[in-house]
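Engineer: First the structure, which I've put down as structure tokens, then a few questions once you've had a look.
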Amino acid sequence: MDQAESRRGGRLEKYLVAKTSFLKLVDEQIKEGKEVVAPVRQENQANFRRIKSTAEILWGGPQTVVSAKSFVFPPKEELLNYETNDEVRVQPRVEAKPLILLGVHSCDINGMALLDKVFTEKNLDENYVKKRENLTVIGVECLEPCSPESFCYRKDSVLPWDGFDLFLTDLGKNFFVEVGSAKGESFLSGLGKKATQADVDRVKKIRRERDAKFDEKQRKLKPKLSDLPVLLKENYNSPVWAERGARCFGCGSCNMVCPTCYCFDVRDCVELDLKHGIRARWWDGCMLTDFTRIATGEIFREDRGARLRHRTYRKDYYLFEKWGKSFCTGCGRCGKACLTKVVDPLDIANEIYERSRSR
Amino acid sequence: MAKPKVAFFDFTCCEGCQLTVLSLGDKLLDLFESVEVVNFREASSYKGQDYDIAFVEGSIASSKDIERIKEIRKRAKVLVALGACAHTAGVNAIRNFHNQQEIRKMVYGDKAWVFDSILAQPIDAIVRVDYYIPECPIDKEEFLRFVSQLLNNMKPFLPDYPVCVECKMKGNVCNYHKPNPIICLGPVTRGGCGAICPSAGNACEGCRGLIPDANLEAMEWLLNEYGVSAEDKFRFYRMYNGLMGMKK
């Protein structure tokens, strides 16, 4: 959180708001027709769904099956439509409507903060930006590990370092609310009172206890986080890749559920009249054969172990070096989704670390 | 440009794929606008023998079928296998794993000698197939997309990714992660169906055939992990993939 403050060049406003009044505020917004999406129970897991009342929200449950990225970068997104009659007409399509995303965990907020870099800093992606601008992100602090798979504490991602409008910490009757943007401030509509030093100290204490708890309960990352790029770089030829690759389906589930995987495929869909069509993009993933095949049919990364290495390198080496942050926020979704237990980035880093030490 | 002439043919199958085409509604009229259908048993009694594109559903299951499919191949410029029976031999191939005498007797009784039934085979066991539209039955949207792309000289899109991709896109809880896990062939089965069965709470039974590089060793590990017996594994694969239908 201190990082978020320094990024904005100043302190974040902090408030103490009664939970009941905060939830009432959200429920009123829903009644006014605002679209609010939050984690809700789905079978034995959780997922983001549009809610009709804040009573539906699953607070502190397991991580949602799919990350919050799907609201800024949906699985399928139309980019343009075209008509080829006497003259060719191309109409770009940027769809975005206001959306309040409530109850987002830090791993997903940070995931979006990373996507913000990717989709805005070098190549401005109009579709992403418009959706992002229309989004109000209200995060919630995790005070217990959400699942056995998560390892956010090891990835410096237990708190958001950017990318939220409001961030809530549960203090029993009240929410400790940190404001991340002017949008967040105006959403709050003057609710609650400014947090006192005592409130801030109380939250600091809660966070210290939480850190100790996460440190004890979450699986350990044996190498230092900042050493990951070099560790991976030096272990390009590690047998780990082939061993894990042998049991990898190449199913792309890890890519789909990841809060930071942002690759997509662009395809044209033409109507039967052959005069109308759309161009759309779909989520794609580096673990999939389709992804590594080029137009003439060659497959660049035929071997599943090589794909697994590439995915791991993207998260903790290439993009880590490029953007100064690991592109894995430790949400644990990929480790959960992987049915043959090969993809978990923490497991991979630990295994490589152990084996490189014993050489 | 003259409209391409299109014919539909059925071999051993339920003709559900032709019915799927017939149930396109308004889009069917669009289809008839863009192509000339000369042979379509489920829709018309007219039987033209001059065609450019042949859509063939059903498996090869009798010696007569072999001659007939060869004749179709000779006449068609483009031959498309329509649906699981044509693509992987589908459920018809279940018979291949039984004693042929017994199974003939079970089906035809004392008239078995009248029928020259043989082991069920996919169309491409006999003739060259240009394109496949998998699934049991075919997906309407995929069929329409295929025709549009073919007519537009585009390479028809057939995903090589497994069912898991679309299942995750839909945000489904994985069949293997439910309180009562459902054994599912999603990780090795070709996607494109929108994960229709898992989304409805059912297992993927593999009706779209296996992906080209399906990791069957990983599948074996997974099925063992979930305590699936060898007999059940065979049954599961044999539903649609007894012949290990993998098409590049």
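The values are calculated or read from the model by the stated rules, or taken from the named source; none is laboratory data. A quick note: this is a predicted structure, and the numbers were derived from the prediction, not measured. Heads up, the Cβs are rebuilt from the backbone with ideal geometry, glycines too, and the neighbour counts pull from every protein chain shown. Ligands, DNA and RNA are stripped out before the accessible areas are found, and what is left, the full protein with its side chains, is counted by its heavy atoms. Shrake-Rupley method; radii C 1.70, N 1.55, O 1.52, S 1.80 Å.
Engineer: Can you give the mean number of other chain Cβ atoms that lie within 10 Å of the Cβ atoms in peptide A:289-302?
Structural biologist: Per-residue shielding by partner chains comes out at 2.
Engineer: Among the aspartates and glutamates, which have Cα under 19 Å from the Cα of A:Lys193 when same-chain residues fewer than 8 positions away are ignored?
Structural biologist: Hits, sequence-local ones excluded: A:Glu13, A:Asp165, A:Asp170, A:Glu178, A:Glu185, A:Asp201.
Engineer: If you wrap a convex hull around the C-alpha atoms of the stretch A:166-208 and split its volume per residue, what is the figure in Å³? Intermediate results must be reported in sequence, preceding the final value.
Structural biologist: On the way: hull volume 3.2 nm³, N = 43.
Value for the stretch A:166-208: 74 Å³ per residue.
Engineer: Which distance in Å, rounded to a whole number, links the C-alpha centroids of the stretch A:81-128 and the stretch B:82-106?
Structural biologist: 49
Engineer: How about the stretch B:50-148: which trypsin sites (Lys or Arg not before Pro) there are in a DSSP loop, with at most 14 other Cβ atoms within 10 Å of their Cβ?
Structural biologist: Numbers: sites: B:Lys64, B:Arg68, B:Lys70, B:Arg73, B:Lys74, B:Arg75, B:Lys77, B:Arg95, B:Arg104, B:Lys105, B:Lys111, B:Arg128, B:Lys140, B:Arg145; in loops: B:Lys77, B:Arg128.
Those that pass, being in a loop and sparsely packed, are B:Lys77, B:Arg128.
Engineer: Next up: Quick check: the distance between the Cα centres of the stretch B:20-59 and the stretch A:180-212, to the nearest angstrom?
Structural biologist: 66
Engineer: Grab the other residues whose beta carbon is less than 10 angstrom from that of B:Glu15, score K and R as +1, D and E as -1, and report the net.
Structural biologist: Residues close to B:Glu15 contribute a combined charge of -2.
Engineer: For B:Lys105, list the aspartates and glutamates whose Cα falls under 20 Å from its own Cα; do not include residues on the same chain fewer than 8 positions away.
Structural biologist: Of all the aspartates and glutamates, those that pass the test against B:Lys105 - Cα under 20 Å, at least 8 places apart if same chain - are B:Asp116.
Engineer: From the Cα trace of chain B, what convex hull volume per residue do you get, rounded to a whole Å³?
Structural biologist: Values: hull volume 34.7 nm³, N = 248.
With only Cα atoms used, chain B gives 140 Å³ per residue.
Engineer: Mind grabbing the interface size between B and A? I mean buried accessible area, both sides, 1.4 Å probe, in Å² to the nearest hundred.
Structural biologist: 3300
Engineer: Got a number for the accessible area of B:Met106? Probe 1.4 Å, square angstrom, nearest 10.
Structural biologist: Spelled out: B:Met106, probe radius 1.4 Å, area about 150 Å².
Engineer: Rounded to the nearest 10 Å², what accessible area does A:Ile30 have for a 1.4 Å probe in the complete protein model?
Structural biologist: Near enough 30 Å² of accessible area.
Engineer: Could you tell me which of rounded, prolate or oblate describes the stretch B:163-241, using a ≥ b ≥ c as the square roots of the eigenvalues of the alpha-carbon gyration tensor, with rounded for a/c under 1.5 and, failing that, prolate when a/b is larger than b/c and oblate otherwise?
Structural biologist: It is oblate, given that a/c is not under 1.5 and a/b is not larger than b/c.
Engineer: Can you give me the accessible area per residue for chain A, using a 1.4 Å probe, in Å²?
Structural biologist: Accessible surface, normalised per residue, equals 44 Å².
Engineer: Whole-Hz ³J(HN,Hα) for each residue in the stretch A:83-96, computed from phi via Karplus 6.51 cos²θ - 1.76 cosθ + 1.60 with θ = phi - 60°, x for glycine and proline: what do you get?
Structural biologist: 9, 10, 8, 4, 10, 8, 10, 10, 10, x, 10, 10, 9, 7
Engineer: Right, next: HN-Hα J couplings of the stretch A:177-186 from phi, Karplus 6.51/-1.76/1.60, θ = phi - 60°, integer Hz, Gly and Pro as x?
Structural biologist: These are the phi-based 3J(HN,Hα) values: 10, 9, 9, x, 7, 4, 4, x, 4, 6 Hz.
Engineer: Shifting gears a bit: So if I take the alpha carbon set of the stretch A:174-322, get Rg, then get Rh from the Kirkwood formula, what is the Rg over Rh ratio? Walk me through the numbers on the way to the answer.
Structural biologist: Values: Rg = 23.1 Å, Rh = 20.3 Å.
Ratio of gyration radius to Kirkwood radius: 1.14.
Engineer: Distance from a point 7 Å along Cα→Cβ of B:Leu119 to each backbone N in the stretch B:204-248: keep the residues under 14 Å and list them by number.
Structural biologist: Once the point is set 7 Å along Cα→Cβ of B:Leu119, B:242-245 turn out to lie under 14 Å by backbone N, inside the stretch B:204-248.
Engineer: I would also like to ask the following. Determine the shielding of peptide A:263-270 by partner chains: average, over its residues, the number of Cβ atoms on other chains within 10 angstrom of each Cβ.
Structural biologist: What the average comes to for A:263-270 is 3.
Engineer: To continue, here is another question. For a quick check: with amide H placed at 1.01 Å from N, whose amide H comes under 5 Å from B:Ile60's, ignoring anything fewer than 5 positions away on the same chain?
Structural biologist: B:Gln121, B:Ile123
Engineer: Apply the a/c threshold of 1.5 to the C-alpha gyration tensor of the stretch A:219-264 and tell me whether it is rounded, prolate or oblate.
Structural biologist: Because a/c hits 1.5 or more and a/b fails to exceed b/c, the stretch A:219-264 counts as oblate.
Engineer: For chain B, give the percent of accessible area contributed by carbon and sulfur heavy atoms, probe 1.4 Å, rounded to a whole number.
Structural biologist: The computed percentage sits at 55.
Engineer: Right, next: How would A:Ser238, B:Ser199 rank on accessible area, largest to smallest, probe 1.4 Å?
Structural biologist: Reading off the accessible areas and sorting them downward yields B:Ser199, A:Ser238.
Engineer: Enumerate the calculated ³J(HN,Hα) couplings along the stretch A:277-293 in order (Karplus 6.51 cos²θ - 1.76 cosθ + 1.60, θ = phi - 60°), each rounded to whole Hz, writing x wherever the residue is Gly or Pro.
Structural biologist: x, 10, 10, 9, 10, 10, 3, 10, x, 5, 8, 9, 4, 3, 5, 8, 8
Engineer: For B:Val37, list long-range residues whose amide hydrogen, built 1.01 Å from N in the peptide plane, is under 5 Å from its own amide hydrogen.
Structural biologist: Sorted by chain and number, the residues that satisfy this are B:Val6.
Engineer: How much mean residue ellipticity at 222 nm does the protein assembly as shown get from its helices, if each DSSP H run of length 4 or more adds -39500 (n - 2.57) and you divide by all residues, to the nearest 500 deg cm²/dmol?
Structural biologist: -10000 deg cm²/dmol
Engineer: Could you tell me the accessible area of B:Thr20 in Å² (1.4 Å probe, neighbours in place), rounded to the nearest ten?
Structural biologist: 20
Engineer: Return the Rg/Rh ratio of the stretch A:243-359 with Cα-based radii and a Kirkwood Rh.
Structural biologist: 1.06
Engineer: What is the Cα convex hull volume of the protein assembly as shown when expressed per residue in Å³?
Structural biologist: Convex hull of Cα atoms, per residue: 185 Å³.
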